[in-house]
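**Student:** Starting off with a structure, shown below.
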Amino acid sequence: MIRVLSVFGTRPEAIKMAPVVRSLRAAPERFESLVCVTAQHRTMLDQVLEVFDLKADVDLDLMVPGQTPAGIAAGILDRLPALLRRVRPDVILVQGDTTTTFAAALAAFLERVPAGHVEAGLRTGDRWQPFPEEMNRVLTTRIAALHFPPTPAARDALVAEGVPAADVYLTGNTVIDALLQTVRPDYRLRTPALAGLDEARRLVLVTTHRRESFGAPLRSICAAIRELAGRFPDLQFVLPVHPNPEVKRPVEELLGDLPGMHLIPPVDYQEFVHLMSRAHLVLTDSGGVQEEAPSLGKPVLVLREVTERPEGVAAGTALVVGTDCARIVATASELLTSPAAYARMANAVNPYGDGRASERILAALADRLG
Ligand code: UD1
Ligand code: UDP
């Protein structure tokens, strides 16, 4: 029996750990599965737990308004070691590149508990972009005992950094497991504020929340959306607004009165996935959305200067456009006016996984710890 403690705290970690936790739960003869949420996010985490029918065994309930990454890390380092001493898991699983990911891995190391890192090996090579995620990933790699890269490029990055190949298991990204478990052809949107969406008008879905974009770059993104709405009055926009006040305040101030714009609170995963499948075009600085949109055949303009997810770009579905207003407007306008340019990008490709990543992670755990 292998005792696995999964630790996560934000929306994207929860979405990407949900299929793993469900698979562990479905194999009780082999695994004892325990879940600790840090609740670095509160409402957005709870939305995911509900959609995937997950319950936390331990909830550290850390989120406070105005929190900082240092504050969250301090809370985790303060509270998690005692839990690890009490539970004595054979392994903890962490996912991705958030403060929860790194601080939980460090807490496990300090208690001599091995950590498995889901979605290991993503790199931009620039410690400031995305900030602080690139450093969280690098440090989590140094700490982890087992590494689950989603793609061959991520695996190669780990091995090139000196991680022993025997500790690296290429699995695919669990986000594709989550996506395939969620997409339904007959789904109908249920957000009341979106009841007025017009089937006949093209929908542009937007998300933005990166820390390195706070301030001028985020205002530049908003200016680009205003200009696109002016140039293409047939467009409708949906922007689920990240609750971080550094995002919410400027987005509401700069886009709140824009005709055709639906600024809405974050929607749950089912609703978001189906919004993506309704969309004509996706503008985002999110990591997870960059992975999901290609498999739904939706062109993505990546609102960042660099991406650690080059596979979507190589496959032709994603373009890195940065945060410069003129560049975003020019690239989006080309896609919105040229059917040939649009068709070149609207390919359903799936460079991030085949929906069986969780299965491979469980096989690796059984192989190493069984
Ligand atoms: C965090 C992660 C980032 C990830 C993102 C996903 C770090 C440093 N950043 O950034 O890597 O891409 O989550 O969304 O780990 N808030 C709420 N309710 C919620 C969630 C957040 O009100 O459910 C507000 C709170 O005011 C909170 C603030 O957002 O203080 C910031 O949350 P935090 O987790 O610190 O940073 P994110 O920008 O969400
Ligand atoms: N997502 C969601 N509701 C929303 C916006 C996004 O469920 O209103 C999902 C999206 O499908 C993806 C994940 O949240 O799986 C991405 O989270 P986020 O952009 O917050 O973080 P990142 O991936 O950039 O770390």
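The values are calculated or read from the model by the stated rules, or taken from the named source; none is laboratory data. Just so you know, these numbers come straight off a predicted model, no measurement behind them. Cβ coordinates were reconstructed from backbone atoms using ideal geometry, including for glycine residues, and neighbour counts include every protein chain displayed. We work out accessible area using only protein heavy atoms, side chains counted, and drop any ligands, DNA or RNA first. Shrake-Rupley method; radii C 1.70, N 1.55, O 1.52, S 1.80 Å.
**Student:** What are the pairs with Cβ atoms under 8 angstrom where one residue, in segment 277-301, is among the aliphatic types (A, V, I, L, M) and open to solvent by 10 Å² or more (accessible area, probe 1.4 Å) and the other, located anywhere, is in a loop (DSSP other than H, G, I, E, B) and at pLDDT 95 or above? Sequence gap at least six, or different chains.
**Tutor:** LEU296/VAL183
**Student:** Separate question: Got a number for residues in segment 84-103 being in contact with a strand residue (DSSP E or B) (Cβ under 6 Å, 6 or more places away or on another chain), more than 16 Å from ligand 1 (Cβ to nearest atom) and not β-branched (Val, Ile, Thr)?
**Tutor:** 3
**Student:** Something else: Here are some residues: VAL138, VAL175, VAL183. Which one is open to solvent by 30 Å² or more (accessible area, probe 1.4 Å), closer than 24 Å to LEU54 by Cβ and hydrophobic (A, V, I, L, M, F, W, C)?
**Tutor:** Unique residue meeting the criteria: VAL183.
**Student:** Residue check: is GLY353 out of contact with any Leu (no Cβ under 7 Å at 6 or more places or on another chain), open to solvent by 10 Å² or more (accessible area, probe 1.4 Å), modelled with pLDDT of 95 or more and in a loop (DSSP other than H, G, I, E, B)?
**Tutor:** yes
**Student:** Among the residues in segment 60-70, are any within 16 Å of ligand 1 (Cβ to nearest atom), closer than 16 Å to PRO266 by Cα and within 19 Å of the chain's Cα centre (by Cα)?
**Tutor:** There is no residue in segment 60-70 that is within 16 Å of ligand 1 (Cβ to nearest atom), closer than 16 Å to PRO266 by Cα and within 19 Å of the chain's Cα centre (by Cα).
**Student:** Next up: Look at segment 1-19 and say how many of its residues are of a type in the set (A, V, I, L, M, F, W, C) and within 18 Å of ASP367 (Cα to Cα).
**Tutor:** Qualifying residue count for the region: 4.
**Student:** Also, I was wondering about something else. Between ARG30, ARG22, which is under 12 Å from LEU365 (Cα atoms) and surrounded by fewer than 23 Cβ atoms within 10 Å (Cβ to Cβ)?
**Tutor:** ARG30
**Student:** Tell me, yes or no, whether segment 156-171 has at least one residue that is open to solvent by less than 60 Å² (accessible area, probe 1.4 Å), out of contact with any strand residue (DSSP E or B) (no Cβ under 9 Å at 6 or more places or on another chain) and polar (S, T, N, Q).
**Tutor:** Within segment 156-171 (the criterion being open to solvent by less than 60 Å² (accessible area, probe 1.4 Å), out of contact with any strand residue (DSSP E or B) (no Cβ under 9 Å at 6 or more places or on another chain) and polar (S, T, N, Q)), the answer is no, since none of the residues qualifies.
**Student:** Ok, one more. Scanning for something on the phi < 0 side of the Ramachandran plot, open to solvent by 60 Å² or more (accessible area, probe 1.4 Å), in a helix (DSSP H, G or I) and polar (S, T, N, Q), does segment 203-224 turn up at least one residue?
**Tutor:** Looking for residues that are on the phi < 0 side of the Ramachandran plot, open to solvent by 60 Å² or more (accessible area, probe 1.4 Å), in a helix (DSSP H, G or I) and polar (S, T, N, Q), one finds none in segment 203-224, hence no.
**Student:** Consider ALA332 against the criteria (1) within 16 Å of ligand 1 (Cβ to nearest atom); (2) buried (at least 21 other Cβ atoms within 10 Å of the Cβ): it satisfies all of them except one. Which criterion is unmet?
**Tutor:** Here ALA332 meets the rest and fails (1).
**Student:** Considering only segment 55-68, state which residues are modelled with pLDDT of 95 or more and surrounded by fewer than 18 Cβ atoms within 10 Å (Cβ to Cβ).
**Tutor:** Kept after step one, since they are modelled with pLDDT of 95 or more, are these residues of segment 55-68: 55-64, 67-68.
Result: LYS55, ASP57, VAL58, ASP59, ASP61, VAL64, GLN67, THR68.
Residue-wise test of (1) more than 29 Å from PRO266 (Cβ to Cβ); (2) outside any loop (DSSP other than H, G, I, E, B); (3) not small (Gly, Ala, Ser).
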| residue | (1), (2), (3) |
| --- | --- |
| THR124 | no, no, yes |
| GLN129 | no, no, yes |
| VAL163 | yes, no, yes |
| LEU180 | no, yes, yes |
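**Student:** Next question. Of the residues in segment 265-301, how many are within 11 Å of ligand 2 (Cβ to nearest atom), of a type in the set (A, V, I, L, M) and out of contact with any Gly (no Cβ under 8 Å at 6 or more places or on another chain)?
**Tutor:** 7
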